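All remarks here apply to the structure that follows.
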2 protein chains.
Amino acid sequence: MMSSTFKLQNIDNRARNGFLKLNHGIIETPVFMPVGTYGSVKTLTPHELKELGAEIILCNTYHLFLRPGNIIVKELGGINRFISWDNPILTDSGGFQIYSLAELRNITEEGVVFKSHLNGETVSLTPEKAIAIQEDLGSDIMMAFDECPSSQLDRKYIEESTLLTAKWAMRSMKARVDKSKKLFGIVQGGIFKDLRKTSIEHTVSLDFDGYAIGGLSVGEDKNVMYEISDYTCSLLPEDKPRYLMGVGTPEDILIGISYGIDMFDCVMPTRNARNGLLFTANGRIHIKNKRYERDDNPIDKACSCYTCRNFSKAYLRHLYKAREMLVYRLNTIHNLNFYISLVKKARDAIKNRNYKKFLKETLEEISKGDNNV
Amino acid sequence: MMSSTFKLQNIDNRARNGFLKLNHGIIETPVFMPVGTYGSVKTLTPHELKELGAEIILCNTYHLFLRPGNIIVKELGGINRFISWDNPILTDSGGFQIYSLAELRNITEEGVVFKSHLNGETVSLTPEKAIAIQEDLGSDIMMAFDECPSSQLDRKYIEESTLLTAKWAMRSMKARVDKSKKLFGIVQGGIFKDLRKTSIEHTVSLDFDGYAIGGLSVGEDKNVMYEISDYTCSLLPEDKPRYLMGVGTPEDILIGISYGIDMFDCVMPTRNARNGLLFTANGRIHIKNKRYERDDNPIDKACSCYTCRNFSKAYLRHLYKAREMLVYRLNTIHNLNFYISLVKKARDAIKNRNYKKFLKETLEEISKGDNNV
């Protein structure tokens, strides 16, 4: 149950509560990591994030590599200093964004050549380069460079891709210079259990500091996502942190925790906030709904976030209709508070050996909400 | 030098320092009022405004009348409660926006019929209606309904328009029900001194709680604006607050104070912030400038605002280039802090009977800056 950097404190069935020691501090798990793509969790200051209880944020290597560039960030003292956030940061490897944003040119065993989505310039990434960039950025947790194929692709493609990811994992591991920065391996294998198993064997043999489950939430059915997460998690080593990448809804996160996942990231709370979709203890609501025009109540009466302490749904709706920037921020505060608080409640339930009951009751509550959402 | 609500404390030549008692508190003058058109000073929370030292904000009657509507604001407890700001608020009369934003239909002695810029709906405003809307909103200072003609129009038009504004001023005064809400009259007259004089006589005879100088910064030459402000100010009663509407640059404000203006509002600090243009003690800079790409310094080393305490120009430039919403906010904090601090320094100079020297030195400093701005 112990390793030098990850310490499990409580286990309730498969759900886990622990502590992960990183260069910029110790984070408690399970943990939700807000996404700060370009070095800013959209609309929020780092100080607001801290007030919201965020312990670690994710920044995107692909984006920061293209703009402002890892060399500039390094020159300016690293990503923490650059963005004025002194708590831990995880950077992804850039792989996922290449597949989702860039105009893809070519994947070879060497790496990926692609066109920047910003200016069409041809750029390349390799495992070695992805690690060097992350070391320049100076994140606490780096991710190995992987291929993240769509779940629509056939078994043969996924099989080859999983092997490529395994080779890249080895090169990523070799490329690391600074061992104080944690490096996580990524398990791929699509929706095929045997490929997942093979991928785990390859990845775990390299003794990473933690393991991520990649290649999910990329178009597959929700139940398949659950099944593969569940299966993959059951084969991962107990003594290392487990990270389910890019997932998901509040429901997904609670279910993931029940499988033994420790870390999550997702743009959902922040992106939905900017689109007016808000999470509450009683389900989702859309703030533009006409029914809130004269509604003097906060988004969620039980919520203690800054937004709910100070503003009515009527005001938020007004700002949203008028496209006032303040609303994107107030909504983001609320949604992130919802996610972070939810994960903290999950921690408490694990500590109280009560997770199963907590999960069932919470899933029922949060599935209510506006009919139109 | 005294009236029940306005108390002059210090006079240095023509520059004045005083206190104005309003329903939601006492404000010190000279004062700069940030503009919160739709009930939000764009990107900022009311709590940030307070931290910045904002004592009073301006909201636009025209905008709030169209959306969400004065009736809804009234139902929800008035504008202060609606936007969660418990300090004073000034509302304009809606006049200026009709001329600048709406598709104008018809100005008659009765009022103005125009098309909403939001949905093209035909709406009308009269002096009586403008006051009723402002009373519904519940602002501390209401403005009389006026016509604000372009300075390009000929003398004959301005002459008639000034007479119309005088009639509307009388009707605005009669329409007021709640005398705890202050009502300011607006002096018009374009760039014609004799018409300004006539307008002052008309307006002052109605014994408003304060007097605004309207119809400037609407296309006339800067020196004409100064000359007319100077002249108009010299004819206004000493014992009432004087408000120069919609003005202006830091230089304009400092010069206005030297004429004896007490109150200012302008979108310049907030709008420029969103466009990347920042004010510093050594002149204006544009944050997108390539020269800031690796600049680890704050916008202004002497500035103590949140933005300057925490972020480098390199980071702000990066956010600006990436169109990250956070930068609009960080820039707004800086620019508003600059305006508010500048006016506070002006107050101190008046208290020290040192305004003339302060004005000269400060105008020299703030006229420096980027060559490209």
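In the condition set (1) in contact with a helix residue (DSSP H, G or I) (Cβ under 7 Å, 6 or more places away or on another chain); (2) in the same structural domain as B:Thr43 (by TED's automatic domain parsing); (3) touching a residue at least 24 places away in the same chain (Cβ under 8 Å), B:Asp252 is compliant with all but (1).
Within region B:80-110, the set of residues being surrounded by fewer than 21 Cβ atoms within 10 Å (Cβ to Cβ), more than 13 Å from B:Ser124 (Cα to Cα), in contact (Cβ under 8 Å) with a residue 24 or more places away in the chain and of a type outside the set (S, T, N, Q) comprises B:Asp86, B:Leu101.
Would you be able to say whether some residue in region A:323-337 is without any contact (Cβ under 8 Å) to a residue 24 or more places away in the chain, in contact with a Lys or Arg (Cβ under 9 Å, 6 or more places away or on another chain) and either of a type in the set (Gly, Ala, Ser) or farther than 19 Å from A:Phe32 by Cβ (or both)? Spell out how you get there, then give the answer.
If we filter region A:323-337 for residues that are without any contact (Cβ under 8 Å) to a residue 24 or more places away in the chain, which is where we start, we get A:323-324, A:326.
Adding the requirement that they be in contact with a Lys or Arg (Cβ under 9 Å, 6 or more places away or on another chain) leaves A:324, A:326.
Still in the running and either of a type in the set (Gly, Ala, Ser) or farther than 19 Å from A:Phe32 by Cβ (or both): A:324, A:326.
Yes: region A:323-337 contains one or more residues that are without any contact (Cβ under 8 Å) to a residue 24 or more places away in the chain, in contact with a Lys or Arg (Cβ under 9 Å, 6 or more places away or on another chain) and either of a type in the set (Gly, Ala, Ser) or farther than 19 Å from A:Phe32 by Cβ (or both).
Can you spot a residue in region A:44-56 that is surrounded by 20 or more Cβ atoms within 10 Å (Cβ to Cβ), more than 8 Å from every other protein chain (Cβ to nearest Cβ) and either within 24 Å of A:Phe145 (Cβ to Cβ) or among the hydroxyl-bearing types (Ser, Thr, Tyr) (or both)? The answer is yes; a qualifying residue exists. Residues that are crowded, with 22+ Cβ neighbours inside 10 Å and more than 18 Å from the chain's Cα centre (by Cα) are absent from region B:23-42 altogether.
Residue count for region A:1-44 under the criterion of being at pLDDT below 95 and hydroxyl-bearing (Ser, Thr, Tyr): the result is 3.
Every residue, every condition in (1) of a type in the set (A, V, I, L, M, F, W, C); (2) over 15 Å from B:Thr37 (Cα atoms); (3) under 22 Å from the mean Cα position of the chain (by Cα), yes or no:
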| position | (1), (2), (3) |
| --- | --- |
| B:Ala54 | yes, yes, yes |
| B:Thr61 | no, no, yes |
| B:Asn70 | no, no, yes |
| B:Gly95 | no, no, yes |
| B:Ile107 | yes, yes, no |
| B:Ser116 | no, yes, no |
| B:Gly120 | no, yes, no |
| B:Gln134 | no, no, yes |
| B:Leu137 | yes, no, yes |
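Exactly one residue out of B:Gly94, B:Gly77 is within 14 Å of chain A (Cβ to nearest Cβ) and small (Gly, Ala, Ser): that is B:Gly77. Considering every residue within region B:170-183, establish whether at least one is part of a strand (DSSP E or B) and either of a type in the set (Phe, Trp, Tyr) or surrounded by 15 or more Cβ atoms within 10 Å (Cβ to Cβ) (or both). Yes, region B:170-183 contains at least one residue that is part of a strand (DSSP E or B) and either of a type in the set (Phe, Trp, Tyr) or surrounded by 15 or more Cβ atoms within 10 Å (Cβ to Cβ) (or both).
Every residue in region A:285-329 that is surrounded by 23 or more Cβ atoms within 10 Å (Cβ to Cβ), facing chain B (nearest Cβ under 7 Å) and under 28 Å from the mean Cα position of the chain (by Cα), please. Passing the criteria: only A:Leu326.
Return the only residue of B:Ser258, B:Ser229, B:Ser217 being farther than 15 Å from B:Leu183 by Cα, among the hydroxyl-bearing types (Ser, Thr, Tyr) and modelled with pLDDT under 95.
On the way: B:Ser258 fails: modelled with pLDDT under 95; B:Ser229 fails: modelled with pLDDT under 95.
After applying the criteria, what remains is B:Ser217.
Entry remark, region B:266-281: residues being surrounded by fewer than 24 Cβ atoms within 10 Å (Cβ to Cβ) and not β-branched (Val, Ile, Thr) number 8 in total. If you go through region A:38-61 and pick out every residue that is in contact (Cβ under 8 Å) with a residue 60 or more places away in the chain and in contact with a helix residue (DSSP H, G or I) (Cβ under 7 Å, 6 or more places away or on another chain), you end up with 10.
The values are calculated or read from the model by the stated rules, or taken from the named source; none is laboratory data. Everything quoted here is computed from the prediction, not taken from an experiment. A quick note on method: Cβ atoms are made from the backbone with ideal geometry, for glycine too, and the neighbour counts reach across all protein chains shown.
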